[in-house]
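J.: Below: one structure in structure tokens.
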Amino acid sequence: MEKMVQHTVLVSGKGKSKELAINTALGKIQRKVMDEYKAMIIRIEPVSIHVNEAIEHTYTERFLLFFFPRKRSEYTVKLEVDIKITLLKVEEIPFKKIESPDGIVNHIFRNGQVADK
């Protein structure tokens, strides 16, 4: 029922700080894995992280084109993450099939969900 798979995912992130850029990239791992695997994902565990590209873009920001100049930075990072994925194969789970001939009405009365007056 459980299956372990190793996979490499390429993700990128952008932010106003280094930590935010890396956090944004790592947050995209789950979405990428869910797009590729249609089984139920139990665990996604990063094994190793390789930085493919890390860029710091600096620019000067001004108020009304002339006043109050200040330096701003924006960080972009591209990561290659090796992950271990634990999948649960739902179609392999043996479900018991129970059929009720009288439908939902008997089920409600039998379980006492309708209060006696």
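J.: Would you pick out the residues in the stretch 60-76 that are out of contact with any Ser or Thr (no Cβ under 8 Å at 6 or more places or on another chain) and not charged (D, E, K, R)?
T.: 60, 63, 64, 65, 66, 67, 68
J.: Continuing with the same structure: How many residues does the stretch 82-97 hold that are basic (Lys, Arg), touching a residue at least 24 places away in the same chain (Cβ under 8 Å) and assigned to a loop (DSSP other than H, G, I, E, B)?
T.: Keep residues of the stretch 82-97 that are basic (Lys, Arg), which gives 84, 89, 96-97.
Add one more test, that the residue is touching a residue at least 24 places away in the same chain (Cβ under 8 Å), and what stays is 84, 89.
Going one step further and asking which of them are assigned to a loop (DSSP other than H, G, I, E, B), we end up with 89.
Count: 1.
J.: Scan (1) farther than 30 Å from residue 3 by Cα; (2) modelled with pLDDT of 85 or more; (3) open to solvent by less than 50 Å² (accessible area, probe 1.4 Å) for the single condition residue 83 breaks and write down its number.
T.: Every condition holds for residue 83 apart from (1).
J.: Considering only residues that are under 15 Å from the mean Cα position of the chain (by Cα) and more than 30 Å from residue 92 (Cα to Cα), which ones fall in the stretch 1-26?
T.: 10, 11, 12, 13, 22, 23, 24, 25, 26
J.: Filter the stretch 11-54 for residues that are assigned to a strand (DSSP E or B), of a type in the set (A, V, I, L, M) and surrounded by 13 or more Cβ atoms within 10 Å (Cβ to Cβ) and give the result. Break it down into steps so the answer makes sense when it comes.
T.: If we filter the stretch 11-54 for residues that are assigned to a strand (DSSP E or B), which is where we start, we get 11-15, 40-54.
Checking the rest, the ones that are also of a type in the set (A, V, I, L, M) come to 11, 40-42, 44, 47, 49, 51, 54.
Within the stretch 11-54, 11, 41, 44, 49, 54 qualify.
The values are calculated or read from the model by the stated rules, or taken from the named source; none is laboratory data. Just so we're clear, the structure is a prediction, and the values are computed from it rather than from any experiment. Virtual Cβ from ideal backbone geometry, glycine too; neighbours counted across all protein chains shown. Heavy atoms of the whole protein, side chains included, go into the accessibility calculation; ligands, DNA and RNA do not. Shrake-Rupley method; radii C 1.70, N 1.55, O 1.52, S 1.80 Å.
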